[in-house]
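The values are calculated or read from the model by the stated rules, or taken from the named source; none is laboratory data. This is a predicted model, so every value here is computed, not measured. As a convention, Cβ positions derive from the backbone with ideal geometry for all residues, glycine included, and neighbour counts pool all protein chains shown. Heads up: the accessible areas ignore ligands, DNA and RNA and are worked out on the full protein's heavy atoms, side chains in. Shrake-Rupley method; radii C 1.70, N 1.55, O 1.52, S 1.80 Å.
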Amino acid sequence: MTAEPGEGPHVRQLLGAYVLDALTARETRAVCRHLLSCDRCTADYVEVAEAVAALALLSEEDLLE
């Protein structure tokens, strides 16, 4: 988790891996708990999840262009 001056720990750096289900079970639980109480990280999570979903719509040809 990341910390910002004057704030508690945040999970922004873990969100990509969280969306891709690439965290350990312990990290996943920590991110889940944090998202329940942090609107800023939850908003960032939504953006990351939407970006991942959009990437899934691309074909291999789209990515090679």
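The list [x] 70; [y] 62; [z] 66 gives values of percent of Cα pairs over 13 Å apart, and only one came from this structure; which label was calculated from it? The listed entry that was calculated here is [z]. Scanning the chain for cysteines with no neighbouring cysteine C-beta under 4.7 angstrom from their C-beta gives Cys32. Given a 1.4 Å probe and the protein chains as shown, Glu50 ends up with an accessible area of around 120 Å².
With the whole protein complex present, Leu14 retains an accessible surface near 40 Å², based on a 1.4 Å probe. Distance between the pseudo-spin-label points of Arg29 and Asp62 (7 Å out from Cα toward the beta carbon): 3.7 nm. Taking the longest Cα principal axis of the chain as reference, the axis of helix 25-37 is set at about 70 degrees. To the nearest ten degrees, helix 39-56 and the longest principal axis of the Cα atoms of the chain are 20 degrees apart. Ranking Ser59, Ser37 by solvent-accessible area of protein heavy atoms (1.4 Å probe, all protein chains present), from largest to smallest, gives Ser37, Ser59.
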